[in-house]
Every structure is written in C-alpha cells, then in structure tokens.
1. Which residues' amide hydrogens lie under 5 Å from the amide hydrogen of THR305, considering only partners 5 or more residues apart or on another chain, with H built in the peptide plane?
2. Angle, helix 360-370 long axis vs. longest principal axis of the chain, Cα atoms, 0 to 90°, nearest 10?
3. In degrees from 0 to 90, rounded to the nearest 10, what is the angle of the helix 441-452 Cα long axis to the longest principal axis of the chain?
4. Between ALA54 and THR602, what length in nm is gained on full extension when 0.36 nm per residue of separation is reduced by their alpha carbon distance?
5. Name the long-range amide H neighbours of ASP527: under 5 Å, sequence gap of 5 or more, or other chain; modelled H, no Pro or chain starts.
6. Taking Cα centroids, how far is the stretch 602-624 from the stretch 478-506 in Å?
7. Which value, in debye to the nearest 20, describes the size of the charge dipole of the stretch 755-883 about its Cα centre when Lys and Arg Cβ atoms bear +1, Asp and Glu Cβ atoms bear -1, and nothing else is charged?
8. How charged is the neighbourhood of ALA758? Take every other residue with its Cβ under 11 Å from the Cβ of ALA758, and add Lys/Arg as +1 and Asp/Glu as -1.
Amino acid sequence: MDIASRPSEPVENPKVADAAPAPQSPPVIRREDYLAPAWLVPQVSLDFRLGAEATHIVSRLSVTRNPAGNGTATLRLNGDQIAPLAVRVDGREANDWRLDGADLLVELTGEAHEIEIETSVNPAANSQLMGLYASNGMLCTQCEAEGFRRITFFPDRPDVLSTYSVRMSGDKAQFPILLANGNCTASGEGEDGTHWAEWHDPWPKPSYLFALVAGDLVANHATFTTMGGRKVDLNIWVRPGDENRTQHAMESLIASMKWDEETFGREYDLDLFNIVAVSDFNMGAMENKGLNVFSTRYVLADPETATDGDYDAVEGVIGHEYFHNWSGNRVTCRDWFQLSLKEGFTVLRDQLFSAAMGSEAVKRIEDVRVLRIAQFPEDSGPLAHPIRPDSFQEISNFYTATVYNKGAEVIRMMRTMAGPERFRRGTDLYFERHDGEAATCEDFVKAIEDGAGLDLGQFRLWYSQAGTPQVTATLSHEGTTATLALTQTVPATPGQSEKQPMPIPLRVALYDRDAGEHRGEQLVVLDKAADSFTFEGFAKPPVLSINRGFSAPVAIDFPRVDADLVFLAAHDDDPFARYEAMQGLVVQHLVAAVSGRLDDATRAEGRAAIGAAYAAVLAHPALDDLMRGELMILPAETYLAEQLAISDPGAIHAEREALKAWLGTELASELRALHDRALAVAYSRDAAARGARKIKTQALVLIAAGDPAEGARRAFAQYQAADNMTDRQGALMVLASLDAPEREQALADFHRRYAGNALVIDKWFSLQAGALGPRVLEQVKALAGHPDFTMTNPNRVRALYMAAAGNPRAFHAANGEGYRMIGDLIRRLDPINPQTAARFVPALGRWRRIEPVRAAMMREELERIAAMPSLSRDVREQVTKSLG
Ligand code: PHE
Ligand code: ZN
C-alpha cells in the first residue's frame, strides 16, 4: 500500500475561521520555563472503533486540579492534526471550549471533572508514523514523544501520569489480535463480524507510553518466573510466517529479565509482557508499558537472514526496551529536557547487559567506536547540545547520540568513580526514591551522590556543558619519578562560549618497558584546567597507558613515538587500550599523511610500524578471533576527519584506501592463510565460530584492497559457499566495491534469493549504497528507481540513503552530486515523514569542518532546503541551526 500518495488531510477547524500560516521559525521551548501541570488526569478511559481509514476514538478523562499547579481554570489539552468532534464536561455537551492553535482549551469551574472528547483519525493516511498508523495491514501506535496528541486531545507531557483503561473493537478478520498496555480484562464478539477487547494497565503512566496494536499476528510464547515468584507470560508477536525467526529475541528477553534482577535488583511488574514487530517504524523500538513495539529488524533473526551483528543488535535492543520498564516507565521523565535520564541510563544498562552476555572487551570497543563516529561529530558541530539540553524547537530532533550515548558515558563515569557496588547502592536509592514519579537528571545525580557516597558537585557540569573535552598529556621522567602533566579544555559550542573544567576520571597505568608490565592501575581525576600526578620507582621512562577502558568520553592528545604504540598494542593488559594503541598508530600516520607532513621516508617508516603491529595481531596466539577482528578494523574516515580542524574528505579517503592496499599487499600471505583458516570453521553461534566469521570478512577486505582479482575470486567463493548471512553479506560487501564480473552476478543472485524478505532487501540496498568505487552515486540513483524502493518505509529510505550519506566517497563526491542527492531527498521526504527527513540534515551541517570548495556546495544545499515555502518544524530547526 502506498500511503505516501495520500497526503494527510487538512483538519477542519470549527472554531478558527482562518488558521494562521505556519510560522517561519517554530517557537523555542526552554528548560528553565518548566511549569508544573495545572491539571492532573488520574484516570483515562479510551474507546477505539478501529478502521484502517477511519478510527473513531472516545476519550474520557478524570481531571483534578493540581495543588502544585498555578491554579488556572483552563485545562489545556494538546492536539496535532485532529479536530474535536464532541466535547462533554461532566456528561453535558460543553460550550466553554476553544482552540488555541492545535490545542483544545476547556474552562472548568470546580476541582474535579469528567471530560469526554470524540476524535477521528485516518491511520492509512498517517505517513509520519506518529500517533495511530497502518503498517502492512495492521494498526499500531507510536506516541513518544508527542504522538498521543495525534490520537486524542490530552495533556501530552510526561509529568501527567494516568491509569489507562482501553476498549477496542474492530473487524475480527482484519484485526484478529487486539493488544494494549497492561492486562486483557475482557473480550468478546460483536455484531457483523466484529470483536472487542478491554485492557487495563494498573501502573500510572504518561501518555507517551500508551500503545495499541491490532492486526493479524502470531506469537512465540514463553514464560518467565520472576525472583519474587510472579509467573509472566511472554509473547513476541509477528506476521504469520515470521514466527520461526523469533527464538533469539525470546532468549534475549528472558536473559534481560534475569540479568536486570541480578544486576540491578529490578523485577518485572505485570503478568504479561508483549513485544510486537512492525515493518514501518521511525526508530529502533519503543518501550510502551507491557507492550513494546519494535522495528522488525530488532526482532527477527535466523542464520540464513541475519548477521552476527544483527543478532547482537536484537539482543541489545530487546534488553534496552525491557530495561526501560524501570528506567523510563516506573521512573519516567519530568519533561523532555530530561530525556537522558531514561535514555542515557538505559543505554548504559543495555551496554552492561550485552557485555555480560558476550565479550566485555569487544563490546566496549564497539560502543566507543559508535560514540566517536556518531557523537563526537555532534559535539563539534552546529547541533552540539549538552546531554540535558536547555532548549529545543522539535523534541524529535533530540533523540541523539549525545543524549543516548554520551548520556550513557556520563553515568558510566559515575560508576567508574564509585565502583559497581556503591553505584548499585545509588541506583537502588534512585529507584526507591522516585518510583512512580516523573523525575529529573538532578534527581538521578542526587540519588547516586547520596547512595554511592560521591561528591558530584562539579560533576554536574557534564549535564550542562556540551562539547568533547580535549585533554593533553605529557609524561616526563627524572631520577626515578615519572610525572604526568594533564590539561583540559572544553571547546566552545553554539550558545556556550565559556566553559569550566570538568572532573575527568582517567584510568592510567605506567608500564615498565623492560618488564613489559605495569604496577597496578590507578584512577586519576583531572578536575582542573591543568594538573600533574607523580609516580615513583621508575629507573627508566615508563610507557603510559591512559584512559584505559575509555574511562572518560574525551579526546586525548598525547603524541608518542610509534615504538610506544607498538609496545602497548602488544603488551597492554587492558584490551581497550590495546585497540586504542593500534588505532593511534594508524590515526597518527593517516593524519600526518593527509596533512602533507609525510615524505617518502617517513611514510615508509609509518607503514612499516603499522605493518608490524598488524602482523602481530594476525599471528598473536593469545587473542581470540572476535578481538583480533576488532583490532583489524581501520579507523573510520569520519573519525579521521574529526582529528582535523578542516578536512579534505577526498584526501582522507585516498590515504586510507592506499594504506589498506599496502597492508593487503604486504601481508598477503598471512591474510590468505587467516582467511583459509576461518573458512574451515563450521557455522555455529559460539564465540569461536563468530570470531572466525569476523576475521574472515576483515581478511577479505584487506586481500581485496591489495589484489582486487584475488579478492573477487575469494569473495565470490565465500559468497557461494556461505551457509549463513554473516559470510554472505561480508562477501557481497567486498564484491560490491569491486569492478569485477562477479559483482553483478552475486548482487543479482542475492536479490533473487531473498526477494520478498524486506530486511534482507534492505541489506541489498545498503551494501550497494555503501560501496567503494567511482560509480556509486549513479548506482544509488538507479536504486532509487528500483521497484523495491519506497519513500514511505523508513527502513528502506535509511537502507539506501543513510548508507549513501555515510559513504564518504559518495556523499563527498567532488562535484557536489552527493550533497545534491541528500538535499533532494530531504526536500522530498519532509512532507511524508519529517522526523526521518530531519535525520539527514546533520550530514550537510558538517560544512564548516570541510575544505572550502565542498563546504560552499554543502551550504548551498542547506540554503536550498531553507528556501522551501513550507518545511516541517523538524527540518526547519536542523537546517536553521546548521546554517547559523
Ligand atoms: N524511547 C525509544 C527508545 O530509546 C526510542 C524512540 C523514541 C522510539 C521516539 C520511538 C519514538 O527505546
Ligand atoms: Zn531508550
């Protein structure tokens, strides 16, 4: 069904004759303007008469005056593209209401009233996927952050908590399964082939956690008995035919429930936990109380269609949404500025969970890689904001790597300083103090402070200051004393020119060069602009291992000789530090190369050091293959660009590719041996076999860089022999970047083999859009016209265009065509799905950090968007800030 061709209908507004034209600049909402709600809604009952094209909703609210509010007699109920068909107060048709913009205002005389409102929506026409919408024949809701107001008029803010009773009725053949939050309390048959169900959720919640799903679904069912003895029914609902791809999700859910009991003492609180997979979804998944809604890609997995990375992602997201039941639902956010309260904490919880389920070291490296690729650029660009922002125009734009991933790093630092046991005392206190409340980041910090016994006075700056702190380190040595001198600067960011020093906890160790060992790790906290720390007992200058485990989300500037990095890459007992040494070696070399600081001799020296470190990684018997694969991955081009004030993406790409080709040639025989060894390992989900698959593809990448013909031959063989998606996708990724006859053959085979499997066809789009090679832009344009492509499915749009926007060769094409392509996309997508459209703006917003010729073209593209006569709030905010 093509819902894009049907624009959402303009709402008839009965009381405002001439609606004012949309303002050019949407109003700014400020954290400091927070006011408690004037009215509370202890109870809500909702009645849905479901229809794909028209759903009728009757909403009954019990409202009471909030003693902590400002006493106004006006009840403000938010709305968005809906009209009140009827408004009743205490059972009578009300006259005392009016519309203020999209909001409904009702004048009330007493302390408590019953409000009844009727609305009607068209789910099939809802291409924004916010509120109630149709996906693949089913109906589902998405309410975070402000989607509930697209269903009915309501104080749609997270500090209004209500108990919900929901009744829904609809055609039984079309919607055989009817789900909402909480427990099903009654159900039955109606007239004319309809049926109905009533659901009740005993836990008060804000409207953003409301959910309803109706459709033809089948469940994978299991049970879990909680530590307190509650038997919980678990269901993972999918479309018929997909049920045999849900086992991994179910195992992940059970593991999450168990882990949260053991690690955080958190027990599940309903008799039922439902997960529904939908194919049209703006984000990854949503933690609605007792009824999580997931994008199919984070539920469905089997070896034939999901890679090892996909399995990990399913486990991580299932965990994340489940953990929200406490960090998000039982304790929610007072207002959207506090988003990191639930998201930063929940990301930390899912990171710790995944680390416990697999390799802690590899998980940490992956998390840091995401932070550096996605968050560091936010911090150093025009959209930089603190993890607790001070203002916004459209809250959807603040579901960012800063709020989520840096938010998690900030809480992780508290945990590092307190240690896990004391941190746990802090989180226990937090849950105990704020259960059932809408809390603030300050409440969280205070609870950790009190529970863990930490002084977090200065630490609170991490919540208010944006920007990645830059730390410089120098190590000097005299007699037997080593002195570590540290400085910090927090760069200026939009709206924050002056910054104060923050406490930066750094795990450090000093290595005795001859012994190859250190004398114990220490935690030093740099809380001034400059400070120094001494270490006794070193006859010779030691080797410094700093920010081990990435204990602080900062950039460290500590230039060192290659020999020291090679030493750490080989000896450091902190696996992250080892990875960091490898990365440092390559980053230092490539940054010098693109800055024109290498002559032939120094280039050869640098390569030799990298080659030696790589050879050691390939051969090292003590490394497991998962870690080996991690160490083989070269730093990303975006991360390299971050190291330079102004960068030339063309030069970065060329230098990085040249190094890859050199490594592939230099280590050809080792890489082929490694590839052969990995090919011989049979498929299983255990760590050894997953490690083998990881190095298999990493080896292939380097082999192909050194010898494209050999790479094509091996990749095609790997593709054909593959009995799992990890090997198949890895091989196809390498082939997609080669100009070889095998390329077309494999791509065509892949498409044929997985026709109709949306998640795998997404991969087919992504692999091509992310490929190297001179014709990638042409290919992306052709793919946009492919019959499988659609602008109405965010997964598909992201599969093609996020891959292209994240492919430096395509996006930064010297003639500006990549920028034009993304600009065109934003303009076309904005009227369909503004939330998704806005997510493409930051790529263009990086222009200030790019060489002037490209920068001018990027800016021009932003200006072209800004000049559009009508733009969503989402895109308007991002574009204005990016130009600003
Ligand atoms: N709250 C969801 C999560 O982090 C993300 C989300 C936000 C989903 C907004 C949909 C809409 O788990
Ligand atoms: Zn979340």
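Please treat every number below as a calculation from the coordinates, not as lab data. Please read all numbers here as calculations on a predicted model, not as lab measurements. Positions of Cβ are backbone-derived with ideal geometry, glycine not excepted, and every protein chain shown enters the neighbour counts.
1. MET725
2. Taking Cα atoms only, the helix is inclined about 80 degrees.
3. 60 degrees
4. Here the segment from ALA54 to THR602 would lengthen by 190.3 nm.
5. Long-range HN contacts for ASP527: ILE504.
6. The stretch 602-624 and the stretch 478-506 have Cα centres spaced 32 Å from each other.
7. 260 debye
8. Charge balance in the 11 Å sphere: 0.
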